[in-house]
Amino acid sequence: MQNWWSLKWHEIRANKHSYFLMAPYMILFAVFTVLPVLVSIVLSFTYFNMLEFPKFIGWQNYTRLFLEDDVFLIALKNTLLFAVITGPISYIACFVFAWIINELSPKLRAVMTLVFYAPSISGNVYFIWLMIFSGDRYGIMNGLLLRFGFILEPILWLKTEGYIMPIIILVQLWLSLGTGFLAFIAGLQTVDGTLYEAGAVDGIKNRWQELWYITLPSMRPQLMFGAVIQITTAFAVADVSIALAGFPSVNYAAETIVTHLIDFGTTRFEMGYASAIATVLFLIMVASNLIVQKLLRKVGE
Amino acid sequence: MNIPFQVNARRRIGHAVRMPKKRVNRSAWGTFSLFALLTLFGAFMILPLVYAINNAFKPLDEIFIFPPTLFVRHPTLNNFVDLFNLLGNSWVPFSRYIFNTVFITGAGIIGHVIFASAAAYPLAKHHFPGKKVLFTIVVLSLMFTPAVTAMPNYMIMSWLGLIDTYWAVIIPAFAYSLGLYLMKQFMEQIPDVLLEAAKIDGASEYRIFWTIVMPNVKPAWLTLIILLFQILWGSDGNGFIYSEQLKSLHFAAGQVVAGGIARSGAAAAVALILMSVPITLFVFSQSRIIETMATSGMKD
């Protein structure tokens with residue numbers, strides 16, 4: 001054992017330049033990413049209001065979360081609904097559009113890439129949708145429906161419970177063709193062209209078989225990467241909800257886990273409770289990532 | 001035989017690119033329906049932005065015309081004039097918001113590119129104890145959303161005395177994990193012989209990093225710059241910055257939009273200004289970014 005340690009120590013000393021190069025990044029990474037996650041997990045077992053020293057209360061935050069907090073259950077339901085709808089749809093959309101775009105000529109490809117990527121890069125301009133779904137008759141959506149006689153009075157889109165979720169899902173989908181989409185376009189360009197010729201010889205009949213047996217397996221790394229990005233964004237819906245439906249939204253119709261977290265963390269200063277919410281969200285994300293990655297390994301088999 | 005254009009394109013993107021060429025196994029009906037799909041959804045993606053652009057040039061009476069129109073009929077720059085007057089009269093001058101956003105974005109990007117590259121180089125090219133663990137943690141952190149860490153982050157910021165300073169937004173951006181991940185994958189493409197040669201010539205690790213590795217990963221810088229630009233440009237320092245004169249353009253925009261009907265013209269102008277900068281940047285760097293992501297051969 002003594003030997004193993006001295007060997008390791010020797011190795012570490014021999015590589016001290018590597019550690020020096022990494023130090024600035026890794027220290028900041030530890031302070032602003034790793035440490036907060038650990039702190040959050042620890043705090044989730046305490047009562048902490050930012051003024052007094054945290055008091056250990058065991059699983060109490062968690063039992064309160066699942067058994068007593070009705071709004072959290074709404075938030076959980078909404079978030080899962082978001083994730084289940086926007087996650088897969090935007091993931092598949094990212095791939096399908098990247099796949100079609102890849103067959104265009106280079107110039108047209110550049111234009112279409114921009115068309116699909118522009119919403120997510122344009123930086124929090126989703127308040128355009130506030131004008132589109134404005135509750136008076138000057139909003140584009142009300143204006144169109146009134147003009148063609150589908151409705152007689154303008155609808156308060158973002159103040160009516162039934163419409164809030166569908167609209168936020170729509171806007172979230174609009175925003176979600178981001179980094180994953182770019183990675184897919186890039187991935188499609190790395191697929192070895194000779195594989196398709198070989199596939200044609202081996203009896204691949206149409207483009208769908210080509211897609212399943214050649215294209216998808218060849219870009220598995222990008223598929224994994226895209227999945228991580230999409231899952232994380234799908235579970236973290238908050239900005240769009242707050243910008244469109246307000247905070248809190250009508251009857252909590254647009255409450256998500258993250259808005260609930262913001263509510264307890266920044267409005268009520270119940271840090272222990274907010275940390276429990278964050279921990280639950282974190283676990284959900286990691287679990288769904290593991291499941292999806294397992295599924296993706298089966299692609300093309 | 002290749003036509004010259006193809007030769008160039010191949011060389012530019014290296015081995016990675018497959019030039020689009022006619023392939024077998026294509027049905028005309030399938031092609032048609034796929035392109036119909038592309039056009040339809042393309043319209044869905046772009047129309048709100050087209051609407052935003054047109055709105056910015058609409059005179060006020062046209063914004064409130066019934067039925068509402070998508071395209072502007074009598075374009076005017078009045079909205080921009082209004083916006084600048086409005087913000088010129090506000091307590092904090094508009095130029096201050098612009099400076100704040102540009103400073104936060106610029107400083108964050110420069111620090112991130114240098115720190116992430118310096119950390120990516122050993123991870124990509126050296127072997128040392130703990131390398132696997134460190135990289136795994138970074139990859140895992142891609143799965144966090146900032147919201148999970150927002151509360152403890154606030155406490156850490158306040159312990160460090162960073163609350164209500166630019167640095168509360170800038171410093172965490174230095175250690176943003178997606179950048180390190182992409183940079184590490186890209187650096188793995190640098191041939192080892194290049195580094196070996198420099199080592200034999202007596203260059204230190206730091207010199208190798210600065211004079212050989214960094215120039216070779218320039219295309220990847222651009223990707224990091226764009227990714228981080230999106231994040232920082234859209235950030236409003238929400239929760240960390242309270243002083244009015246330290247707030248960002250995005251915050252100012254929110255104020256204008258919150259101003260209601262009388263401000264509709266100015267709000268449309270703000271929307272256009274906010275979105276045009278990152279989109280322009282992307283237009284000029286698009287091919288390089290995709291190239292980086294293609295050659296970086298992401299691995300699971």
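The values are calculated or read from the model by the stated rules, or taken from the named source; none is laboratory data. All figures in this text were calculated on a predicted structure; none of them were measured in a lab. Please note: Cβ atoms are built from the backbone with ideal geometry, for glycine as well, and neighbour counts cover all protein chains shown. The accessibility values were calculated without ligands, DNA or RNA, using every heavy atom of the protein model including side chains. Shrake-Rupley method; radii C 1.70, N 1.55, O 1.52, S 1.80 Å.
Below is a table of values for the structure above.
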| read-out | value |
| --- | --- |
| Residue that is surrounded by the fewest Cβ atoms within 10 Å (Cβ to Cβ) [pool: residues in the stretch A:7-49 that are farther than 14 Å from B:PRO129 by Cβ and among the hydroxyl-bearing types (Ser, Thr, Tyr)] | A:TYR47 |
| Residue among A:ALA183, A:ALA200 that alone is small (Gly, Ala, Ser), facing another protein chain (nearest Cβ under 10 Å), assigned to a helix (DSSP H, G or I) and surrounded by 20 or more Cβ atoms within 10 Å (Cβ to Cβ) | A:ALA183 |
| Qualifying position, being open to solvent by 40 Å² or more (accessible area, probe 1.4 Å), modelled with pLDDT of 80 or more and of a type in the set (A, V, I, L, M), among A:LEU104, A:LEU146, A:LEU108 | A:LEU108 |
| In the stretch A:111-131, the residues that are closer than 16 Å to B:PHE41 by Cβ and open to solvent by 40 Å² or more (accessible area, probe 1.4 Å) | A:VAL111, A:LEU114 |
| Residue count, the stretch B:40-85 (criterion: of a type in the set (Lys, Arg) and assigned to a helix (DSSP H, G or I)) | 0 |
| B:ASP300, sole failed condition from (1) open to solvent by less than 40 Å² (accessible area, probe 1.4 Å); (2) at pLDDT below 75 | (1) |
| Where A:LYS159 falls short, out of the listed (1) open to solvent by less than 30 Å² (accessible area, probe 1.4 Å); (2) in contact (Cβ under 8 Å) with a residue 40 or more places away in the chain | (1) |
| So A:VAL240, is it at pLDDT 80 or above, over 19 Å from A:LEU76 (Cβ atoms) and of a type in the set (A, V, I, L, M) | no |
| Only listed residue being under 18 Å from A:LYS77 (Cβ atoms), among the small types (Gly, Ala, Ser) and surrounded by fewer than 24 Cβ atoms within 10 Å (Cβ to Cβ), chosen from A:ALA287, A:ALA254 | A:ALA287 |
| Residue check for A:ALA23: small (Gly, Ala, Ser) and within 28 Å of the chain's Cα centre (by Cα) | no |
| Within the stretch A:260-295, considering residues that are within 30 Å of A:LEU216 (Cβ to Cβ) and without any contact (Cβ under 8 Å) to a residue 24 or more places away in the chain, the one nearest to the other protein chains (Cβ to nearest Cβ) | A:VAL286 |
| The stretch A:186-196, residues that are assigned to a helix (DSSP H, G or I) and under 21 Å from A:SER105 (Cβ atoms) | A:ALA186, A:GLY187, A:LEU188, A:GLN189, A:THR190, A:GLY193, A:TYR196 |
| Selection within the stretch A:208-221 - open to solvent by 10 Å² or more (accessible area, probe 1.4 Å) and within 9 Å of chain B (Cβ to nearest Cβ) | A:TRP208, A:GLN209, A:ARG220, A:PRO221 |
| Pairs with Cβ under 6 Å, 6+ apart, first in the stretch A:52-73 and at pLDDT 85 or above and in a loop (DSSP other than H, G, I, E, B), second among the aliphatic types (A, V, I, L, M) and open to solvent by less than 40 Å² (accessible area, probe 1.4 Å) | none |
| A:THR190 vs. criteria modelled with pLDDT under 85 and buried (at least 18 other Cβ atoms within 10 Å of the Cβ) | yes |
| Candidate set: the stretch B:26-78, residues that are over 27 Å from B:ARG263 (Cβ atoms) and hydroxyl-bearing (Ser, Thr, Tyr); chosen: the one nearest to the other protein chains (Cβ to nearest Cβ) | B:SER27 |
| Residues satisfying the stated conditions in the stretch B:59-85, i.e. farther than 27 Å from B:ARG96 by Cβ, open to solvent by less than 30 Å² (accessible area, probe 1.4 Å) and either of a type in the set (Asp, Glu) or touching a Gly at 6+ places or on another chain (Cβ under 7 Å) (or both) | B:GLU62, B:ILE63, B:PRO68 |
| Number of the exception - A:GLY226 against (1) out of contact with any Cys (no Cβ under 8 Å at 6 or more places or on another chain); (2) of a type outside the set (Asp, Glu); (3) assigned to a helix (DSSP H, G or I) | (1) |
| Given (1) crowded, with 19+ Cβ neighbours inside 10 Å; (2) more than 30 Å from B:ILE208 (Cβ to Cβ), index of the condition A:GLU52 fails | (1) |
| Given (1) in contact (Cβ under 8 Å) with a residue 40 or more places away in the chain; (2) surrounded by 15 or more Cβ atoms within 10 Å (Cβ to Cβ); (3) more than 8 Å from every other protein chain (Cβ to nearest Cβ), number of the condition A:SER134 does not satisfy | (1) |
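To keep it simple, each residue is scored yes or no on (1) open to solvent by 20 Å² or more (accessible area, probe 1.4 Å); (2) at pLDDT 85 or above; (3) more than 7 Å from every other protein chain (Cβ to nearest Cβ); (4) more than 20 Å from B:PHE44 (Cβ to Cβ).
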site: A:ILE168; (1), (2), (3), (4): no, yes, yes, no
site: A:GLY178; (1), (2), (3), (4): no, no, yes, no
site: A:LYS205; (1), (2), (3), (4): yes, no, no, yes
site: A:ILE229; (1), (2), (3), (4): yes, no, yes, yes
site: A:ALA234; (1), (2), (3), (4): no, yes, yes, no
site: A:LEU244; (1), (2), (3), (4): no, no, yes, no
